[in-house]
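J.: Below is a structure I'd like to ask you about.
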Amino acid sequence: MDAEHEVPDRGTAGDAGAAGAEGGADQGGDGGADQGADGGADQGADGGAGSGGPRQVARVILLDPADRILLLHGFEPADPGRDWWFTPGGGLEPGESREQAALRELAEETGITDVELGPVLWHRYCAFPFDGRRWEQDEWYFLARTRQTETVLGGLTELERRSVTGTRWWTSEELSAAHETVYPTRLAELFRKLLDEGPPGAPVVLAPEIV
């Protein structure tokens with residue numbers, strides 16, 4: 001989990017539930033800080049501005065048998081009052097596929113290894129500041145299911161340990177009614193659509209979010 005900080009996509013869960021779909025491009029951007037990556041700490045060496053391209057990131061929309069989604073709670077290390085919820089995931093390591101990265105990051109950040117990885121749901125580009133640096137990310141969101149609901153934050157990087165406080169399983173209703181910041185910003189709406197209609201036939205490109 002390369003010393004990163006996955007800043008989530010900015011926006012409140014309530015905003016996410018209220019926002020409407022944009023034709024074929026569901027906006028699930030970072031609203032400003034892709035703080036959904038690794039708890040605000042998953043930014044890796046390849047994600048900094050001027051690195052020659054956006055950091056390649058795999059994220060997981062993990063559902064349990066009750067159709068709840070797992071989110072991590074993160075914050076800006078220099079300003080703990082700026083906090084948010086975001087999806088598990090992080091940057092690819094050398095030679096790693098997106099699928100491999102998704103499963104590795106999930107295990108490191110949550111301790112969950114009993115996972116059935118499904119299709120890619122969404123693609124998203126985001127750029128945001130975090131921990132005194134600027135990050136650009138090309139994110140793929142995978143659907144996954146698990147029967148394992150207990151989480152353990154045992155594999156966090158040093159930065160993640162300074163910026164991630166815990167996890168929570170959310171129902172669609174709870175996420176839509178929440179007032180906390182959630183990334184991607186339209187996650188509540190996207191999650192509800194996923195439960196109602198199932199995975200899209202092809203990955204949906206979310207609107208870019210640049211902060």
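The values are calculated or read from the model by the stated rules, or taken from the named source; none is laboratory data. Everything numeric here is computed off the predicted structure, so don't read it as measured data. Note that we place each Cβ from the backbone using ideal geometry, even for glycine, and neighbour counts take in every protein chain shown. Accessible surface is based on the protein model in full, side chains and every heavy atom, while ligands, DNA and RNA are left aside. Shrake-Rupley method; radii C 1.70, N 1.55, O 1.52, S 1.80 Å.
J.: Scan the range 143-211 for trypsin sites (Lys or Arg not before Pro) in coil per DSSP, keeping those whose Cβ has at most 10 other Cβ atoms within 10 Å, and list them by number.
T.: R147
J.: Express the accessible area of the range 51-129 per residue in Å², computed with a 1.4 Å probe while the remaining protein chains stay in the model.
T.: Per residue, the range 51-129 has an accessible area of 35 Å².
J.: Can you tell which of L103, Q137, G91 lies farthest toward the positive end of the dipole of the range 83-211, using +1 and -1 charges on the Cβ of basic and acidic side chains (Lys, Arg; Asp, Glu)?
T.: Selected residue: Q137.
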